[in-house]
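Input: a single structure, listed below in structure tokens.
The values are calculated or read from the model by the stated rules, or taken from the named source; none is laboratory data. In this text, all values refer to a predicted model and were calculated from it rather than measured experimentally. We place every Cβ from the backbone using ideal geometry, glycine too, and count neighbours over all the protein chains shown. Accessible surface areas use protein heavy atoms only, side chains included; no ligands, DNA or RNA. Shrake-Rupley method; radii C 1.70, N 1.55, O 1.52, S 1.80 Å.
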Amino acid sequence: MKVLIKNATILSPSSPFHGQTKNILIENGIISAISNEEAEADEIIDIPHLHISSGWMDCFANFCDPGQEFKETLESGANAAAAGGFTEVMLIPNTQPVVYNKSQVEYLVQKSKSLPVAVHPIGAITKNAEGRELSEMIDMFNTGAISFSDGTKPVQSSGILQKALEYILAIDATIIQLPDDKTIGTHGLMNEGETSVKLGLQGKPALSEELMIARDIELARYTGSKIHFTGISTKKSLQLIAAAKKEGLNVTCSVTPYHLFFCDEDINDYDTNLKVNPPLRGKRDRDALREGVKKGTIDFIASHHQPQDWDHKVCEFQNAEFGMETLECVFGVAEICGIPTETFIKMQTENIRKIFNQPLPLFKEEEKANISLFVPGDEFLFTESQIFSRSKNNSFVGKMLKGKVIGIFNKDRLFLNK
């Protein structure tokens, strides 16, 4: 199959074609020509202001398979990722059963081979993500897991996390922590502050996040190992991480699209889709996160794609499950929040792959095509019809976003949004 992408501006800092507008011919999944010449093809993509880059990668998504396929499947999750411009996705281990041994990693690797998106399992740090006993991380690594995390159940024990950080030194892997001390604000439903008091909802203080980040930075310093904080939500968290980076520690971080866009005041109508963990913080924190992305303190955006079915979201706020479906709108949120397109591309192509030791798809002739197609700049109304997930718990529906994803070409397949 031949695919011709016409008049596309290439955004790939590592490519000699960076910033140039070219025609790209793909034959049987291989980039055969990057030139100003036209060629015959089975499919021609000719869209005004089209841009392309190396394929985007996401971290920390839940495809709910195995065990909760009524919320999401590997197939529907992959379609949501492709619609959002992602060619690779890292999956958290919080499925049923938890991904904590090599057979469960093998299940994901084998079942996802036919999907348009490459799936990278994240193996659980502890057995059943219970935080008590280390899992066989090296076995999982050798089977296909590229990082380790207890996902939505972050490791609470300092001793267990210390051992995990030491254990992965042999394989040069990275631990991912969602910073949340569960003993502080245990039953919190949203950020502790004026809005939580006004709404009569139990609050979760920023301290629960910041204490864990401070503790884990000390553990990273002691072990010399690599830790990545995902879902950071406060200005102080950002300051702690910036100081650790300046010191030269192996510390990185990512932020969710909803922490960049929303703040706790947006929960005034008790929108259960905005019930997330870590919770949405105040405007001051949100604005600090946006600046953190622009300055490079935040390494990339992690979708935190957490599909929830109708029954677990259309209910009283206190009874709703945490999490939001997000994959299709990450780029649109980044652009509307003022993040430059080239900054977004660098984060989602180079930064994330460097952190998790993954090869960057090369944008040159005779290489396999692993590319994202998009049109930056144009504002559009995000609607439920643009959601490919089985679940629709997305608070960006009805919001104006900026920058449209056209689709991806990956694994010898073209996926275009209709």
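Quick look at the numbers
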read-out	value
Criterion violated by residue 160 - all others in (1) touching a helix residue (DSSP H, G or I) at 6+ places or on another chain (Cβ under 7 Å); (2) over 28 Å from residue 389 (Cα atoms) satisfied	(1)
Scan of segment 187-212 for residues that are open to solvent by less than 90 Å² (accessible area, probe 1.4 Å), part of a loop (DSSP other than H, G, I, E, B) and under 12 Å from residue 279 (Cβ atoms), ordered by number	188, 189, 193, 201, 205, 206
Test: residue in segment 33-42 that is open to solvent by 70 Å² or more (accessible area, probe 1.4 Å) and not in a loop (DSSP other than H, G, I, E, B)	no
Segment 70-84 - residue that is of a type outside the set (A, V, I, L, M, F, W, C), open to solvent by 10 Å² or more (accessible area, probe 1.4 Å) and touching a residue at least 60 places away in the same chain (Cβ under 8 Å) and, of those, nearest to residue 123 (Cα to Cα)	73
Yes/no for residue 250 being at pLDDT below 95 and of a type outside the set (Asp, Glu)	no
Selected residue (only one of 146, 122 is in the same structural domain as residue 231 (by the TED database), open to solvent by less than 10 Å² (accessible area, probe 1.4 Å) and touching a residue at least 24 places away in the same chain (Cβ under 8 Å))	122
Qualifying residues in segment 213-226 (those that are in contact (Cβ under 8 Å) with a residue 24 or more places away in the chain and of a type in the set (D, E, K, R)) - the one least open to solvent (accessible area, probe 1.4 Å)	216
Filter result for residue 285 (in contact with a His (Cβ under 9 Å, 6 or more places away or on another chain) and over 24 Å from residue 328 (Cβ atoms))	yes
Filter pass, residue 96 being closer than 30 Å to residue 410 by Cα, touching a residue at least 24 places away in the same chain (Cβ under 8 Å), in a loop (DSSP other than H, G, I, E, B) and open to solvent by 60 Å² or more (accessible area, probe 1.4 Å)	yes
Failed item, numbered, when residue 108 is tested on (1) of a type outside the set (Ser, Thr, Tyr); (2) in contact (Cβ under 8 Å) with a residue 60 or more places away in the chain; (3) farther than 20 Å from residue 220 by Cα; (4) buried (at least 22 other Cβ atoms within 10 Å of the Cβ)	(2)
Residue list for segment 241-275, filter: out of contact with any Phe, Trp or Tyr (no Cβ under 9 Å at 6 or more places or on another chain), of a type outside the set (D, E, K, R) and open to solvent by 50 Å² or more (accessible area, probe 1.4 Å)	243, 248, 250, 268
Residue identified as surrounded by 24 or more Cβ atoms within 10 Å (Cβ to Cβ) and not in a strand (DSSP E or B) among 64, 59	64
Residue among 71, 163 that alone is in the same structural domain as residue 330 (by the TED database), touching an Asp or Glu at 6+ places or on another chain (Cβ under 9 Å) and among the charged types (D, E, K, R)	71
Flag if residue 127 is surrounded by 20 or more Cβ atoms within 10 Å (Cβ to Cβ) and farther than 26 Å from residue 373 by Cβ	no
Matching residues, segment 149-173, being farther than 18 Å from residue 303 by Cα and crowded, with 21+ Cβ neighbours inside 10 Å	155, 161, 164, 165, 168, 173
Pairs, first within 15 Å of residue 95 (Cα to Cα) and touching a residue at least 60 places away in the same chain (Cβ under 8 Å) in segment 288-309, second among the acidic types (Asp, Glu) and open to solvent by less than 10 Å² (accessible area, probe 1.4 Å), C-beta under 9 Å, six or more apart	305/58; 305/72; 305/325; 306/325; 307/72; 307/325; 308/325
